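The values are calculated or read from the model by the stated rules, or taken from the named source; none is laboratory data. Please read these numbers as outputs of a predicted model, since none were measured by experiment. When we count neighbours, we look across all protein chains shown, and the Cβ atoms used for this are built from the backbone with ideal geometry, even at glycine.
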Amino acid sequence: MFLDTITNYKKTVIENLKKAYSYQELERLALQREEVSLTKSFAEALSTPSLSLIAEVKKGSPSKGIIRHEFNHQQIAQDFEQHGASALSILTEEKFFFGNNQYLTEIQKIVTIPLLRKDFILDEIQILESKVIGADAILLIAAILNKKQISDYYSLAKSLKMDVLCEVHNQEELEMVLDTPCEIIGINNRDLKSFQVDINTTITLQRLIPKEKTIVCESGITTTEQLSKINQHNIHAVLIGEGLATNPDLLHFWTSYPI
């Protein structure tokens, strides 16, 4: 499975990170980073009455290759903020998603909205690294973690004043995540094993989530009609990456569309 390919590669990346920095070194740097004050946390940014937008700064993907051939990450981030994004998702996975830690660090200096680090987190040291490079929130993917890891990683992130988006794709993963402290649950309409997309995944699974949780719809959103459909349910935010890259006009619809 392709997900296994990604996680096996990430294990090598983690080994190299541990060779470059000790846990104690990154922990010290992460704690120093806490001094940077935020105007609004990631969780607060998603708590508006209307549907919030998490706009993804995305150069490409494994399935589509490069989707933004002219990729100015800082300009893209500023455009998203100016067009009403509540938060930004920054891809930092390099080999398969064409991301970079530096993108997040450089964007953090020029925007005022919170940043989600979008990567495949498998180890606590990556959470420390996330804080060091400027993330306000991290992604934990239920398909590659167990319940104890999610709970432990959540606690570490919160101790560093970062929020956590816990991502699920099916009912089994959702039930596991609901048995952890995670307050923000992302429902990925893309099956990470087959890469097939079905927006009804969010519609179906959101019914099983307690109302006090924050729900984020992820993947496959390309039209305002889909936004309207999503907005009819108890969903607080949408994370859009490829849809904004291939259809920039979607941003203009966002500010004018009655959602």
Next on the checklist: For a quick check of your reading of the model, give me the residue pairs whose first member lies in the stretch 72-95 and is farther than 15 Å from Ile54 by Cβ and in contact (Cβ under 8 Å) with a residue 60 or more places away in the chain, whose second is of a type in the set (D, E, K, R) and crowded, with 16+ Cβ neighbours inside 10 Å, with beta-carbon atoms closer than 8 Å and at least 6 apart or on different chains.
Outcome noted: Glu93/Lys10; Glu93/Lys118; Glu93/Asp119
Item to check | Sole residue being within 30 Å of Lys147 (Cβ to Cβ) and either among the aromatic types (Phe, Trp, Tyr) or part of a loop (DSSP other than H, G, I, E, B) (or both), chosen from Phe80, Phe96 | outcome: Phe96
Item to check | Pairs where the first residue, in the stretch 227-238, is within 15 Å of Thr255 (Cα to Cα) and the second is assigned to a loop (DSSP other than H, G, I, E, B), C-beta under 6 Å, 6+ apart | outcome: Leu227/Ile259; Asn231/Leu51; Asn231/Ile259; Ala237/Leu46; Val238/Ile221
Item to check | Test set (1) at pLDDT 95 or above; (2) surrounded by 19 or more Cβ atoms within 10 Å (Cβ to Cβ) - Gln78 fails condition number | outcome: (2)
Item to check | the stretch 123-132, residues that are among the aliphatic types (A, V, I, L, M) and under 15 Å from the mean Cα position of the chain (by Cα) | outcome: Ile127
Checklist entry - For Ala87, which of the numbered conditions (1) out of contact with any Pro (no Cβ under 9 Å at 6 or more places or on another chain); (2) modelled with pLDDT of 95 or more; (3) under 12 Å from Ala237 (Cβ atoms) fails to hold? => result (1)
Checklist outcome for this item: The condition of being assigned to a strand (DSSP E or B) and within 16 Å of the chain's Cα centre (by Cα) holds, among Leu53, Leu104, only for Leu53
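Does Thr222 count as part of a loop (DSSP other than H, G, I, E, B), under 17 Å from Glu56 (Cα atoms) and either of a type in the set (S, T, N, Q) or at pLDDT 95 or above (or both)?
yes
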Checklist entry - Ile187: closer than 30 Å to Ser155 by Cα and either modelled with pLDDT of 95 or more or touching a strand residue (DSSP E or B) at 6+ places or on another chain (Cβ under 7 Å) (or both), yes or no? => result yes
Checklist entry - Got at least one residue in the stretch 195-206 being modelled with pLDDT of 95 or more and in contact with an Asp or Glu (Cβ under 7 Å, 6 or more places away or on another chain)? => result no
Checklist outcome for this item: Exactly one of Thr112, Thr105 is under 29 Å from Gln24 (Cα atoms) and in contact (Cβ under 8 Å) with a residue 24 or more places away in the chain, and that residue is Thr105
Checklist outcome for this item: Only one of Glu183, Glu218 is in contact (Cβ under 8 Å) with a residue 60 or more places away in the chain and closer than 14 Å to Leu139 by Cα, namely Glu183
Checklist outcome for this item: Residue hits (the stretch 1-12; at pLDDT 95 or above and either touching an Asp or Glu at 6+ places or on another chain (Cβ under 8 Å) or over 26 Å from Phe98 (Cα atoms) (or both)) are Lys10
